[in-house]
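**Student:** Before I ask anything, here is the structure I am working with.
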Amino acid sequence: MAASSSSISLLFSNTPRISFPTQDSPFLPLHNATFLKSSPKTGSLSLRLEGVSSINKKKLSCKAVSSTEMAAAEGKKKKVDVFDSKDELAVNLAKYTADLSDKFTKERGAFTVVLSGGSLIDYLRKLLEPPYLDSVDWSKWRVFWVDERVVPKDHEDSNYKLAYDGFLSKVPIPPGNVYAINDALSAEGAADDYETCLRQLVKSGVIDFSEASGFPKFDLMLLGMGPDGHVASLFPGHPLVNEKEKWVTFIKNSPKPPPERITFTFPVINSSAYIALVVTGAGKADAVHKALGTPSDDSNTLPVELVSPAGELTWFLDKNAASKL
């Protein structure tokens, strides 16, 4: 079920920011709305709300939200943890992941986990040790990739191979619960095939669904970040950053090799119940500072700054990545 848009006109005055209460979040921020037109004479503003499947105008409420109120609301959903070492980060990430595994296994009978590539897999290594290796119900895990390089599964650039060699082969997750891309297809074909798979799993109830956004709602998304502030395969200045309709899309001109990839879109990423952003190293300190430091008027928004889930976002940083905060 693809997200849809609804256009409405709102009457307000002296409103620096507008919010729309939704089921999953007290605020639907303005980056989910597209400006259409305004009327200074009447004080009305027309917006198109992205990811809103239907609007009951009799029940729709709108209120002005100050910057302080917005920051407080966002703070309830965002947490920043800084660790002295990568090992300490890994210990805490393992507990965080295991606790969520237990929560969703009990609540839903399944735990949908989305992985990324890079160094993230190494930071999951503590899950391979006591007490987690024997206490986590691995049979309930369903594993997906937020992005994947369009290469054979045994290729050194494959995120699947990285995860399998470093983590998945060492835990008893049923092979049928691991959803890799079809590497026999083109980038476009692999993206379409992966989205079809997700839609079937939403329909069967394996993956939760966000009625508020109209996109799949994964239990936990584990993201990394590049030095340029990219997440998944959503790069600064690339048109895919603005994709609002598709669940999974493809890129053939990635600025980082290999050039062909598939990737989840931001509406899917931000529909997650929980997101962990795992970032380490001094080389990423500038991007971390831009995302978490003092707000500026800089219009060059990094992709990582668009990670704003309806659920909870936790940053896992080592002291080097956080050195400029």
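**Student:** Name the one entry in Lys140, Lys153 that is more than 24 Å from Ser186 (Cβ to Cβ), of a type in the set (Lys, Arg) and open to solvent by 10 Å² or more (accessible area, probe 1.4 Å).
**Tutor:** Details: Lys153 fails: more than 24 Å from Ser186 (Cβ to Cβ).
Result of the check over Lys140, Lys153: Lys140.
**Student:** Note down all Cβ pairs under 9 Å where the first residue falls in the stretch 198-218 and is farther than 21 Å from Asp147 by Cα, the second is aromatic (Phe, Trp, Tyr) and not in a helix (DSSP H, G or I), and they're at least six residues apart or on different chains.
**Tutor:** If the second residue must be aromatic (Phe, Trp, Tyr) and not in a helix (DSSP H, G or I), the pairs left are Lys203/Phe209.
**Student:** At least 3 residues that are closer than 28 Å to Leu93 by Cα and either open to solvent by 30 Å² or more (accessible area, probe 1.4 Å) or touching a Cys at 6+ places or on another chain (Cβ under 6 Å) (or both) in each: list the strands (runs of 3 or more DSSP E) lying fully within the stretch 192-273 that qualify.
**Tutor:** Per the criteria, no element qualifies.
**Student:** Checking the structure you have, find out if any residue of the stretch 292-313 is among the charged types (D, E, K, R) and under 15 Å from Lys78 (Cβ atoms).
**Tutor:** Just the residues of the stretch 292-313 that are among the charged types (D, E, K, R), to begin with: 297-298, 305, 312.
Filter once more, so that each one left must be under 15 Å from Lys78 (Cβ atoms): 305, 312.
Checked the stretch 292-313: at least one residue is among the charged types (D, E, K, R) and under 15 Å from Lys78 (Cβ atoms).
**Student:** Of the numbered conditions (1) assigned to a helix (DSSP H, G or I); (2) in contact (Cβ under 8 Å) with a residue 40 or more places away in the chain, His289 fails exactly one; give the number of that condition.
**Tutor:** Of everything listed in (1) assigned to a helix (DSSP H, G or I); (2) in contact (Cβ under 8 Å) with a residue 40 or more places away in the chain, His289 misses just condition (2).
**Student:** Taking the conditions exactly as written (touching a Ser or Thr at 6+ places or on another chain (Cβ under 9 Å), at pLDDT 95 or above and assigned to a strand (DSSP E or B)), does Phe144 satisfy them or not? Don't jump to the end; show me each part of the working.
**Tutor:** Numbers: touching a Ser or Thr at 6+ places or on another chain (Cβ under 9 Å): yes; at pLDDT 95 or above: yes; assigned to a strand (DSSP E or B): yes.
In short, yes.
**Student:** May I pose another question? Being under 21 Å from Val146 (Cβ atoms) and surrounded by fewer than 20 Cβ atoms within 10 Å (Cβ to Cβ) is the filter here, so list the residues in the stretch 293-325 that pass it.
**Tutor:** Residues satisfying the conditions are Thr301, Glu305, Leu306, Ser308, Gly311, Glu312, Thr314.
**Student:** Same structure, new question: Considering only residues that are assigned to a loop (DSSP other than H, G, I, E, B), hydrophobic (A, V, I, L, M, F, W, C) and open to solvent by less than 60 Å² (accessible area, probe 1.4 Å), which ones fall in the stretch 168-191? Before the answer, list the steps.
**Tutor:** Within the stretch 168-191, the subset assigned to a loop (DSSP other than H, G, I, E, B) is 171-174, 179-186.
Narrowing the set further to residues that are hydrophobic (A, V, I, L, M, F, W, C) leaves 171, 173, 180-181, 184-185.
Once the filter is applied, which keeps residues that are assigned to a loop (DSSP other than H, G, I, E, B), hydrophobic (A, V, I, L, M, F, W, C) and open to solvent by less than 60 Å² (accessible area, probe 1.4 Å), the stretch 168-191 yields Val171, Ile173, Ala180, Ile181.
The values are calculated or read from the model by the stated rules, or taken from the named source; none is laboratory data. Everything quoted here is computed from the prediction, not taken from an experiment. So basically every Cβ, Gly included, is an ideal-geometry build from the backbone, and we count neighbours across all protein chains shown. These accessible areas exclude ligands, DNA and RNA; they are computed on the full protein's heavy atoms, side chains included. Shrake-Rupley method; radii C 1.70, N 1.55, O 1.52, S 1.80 Å.
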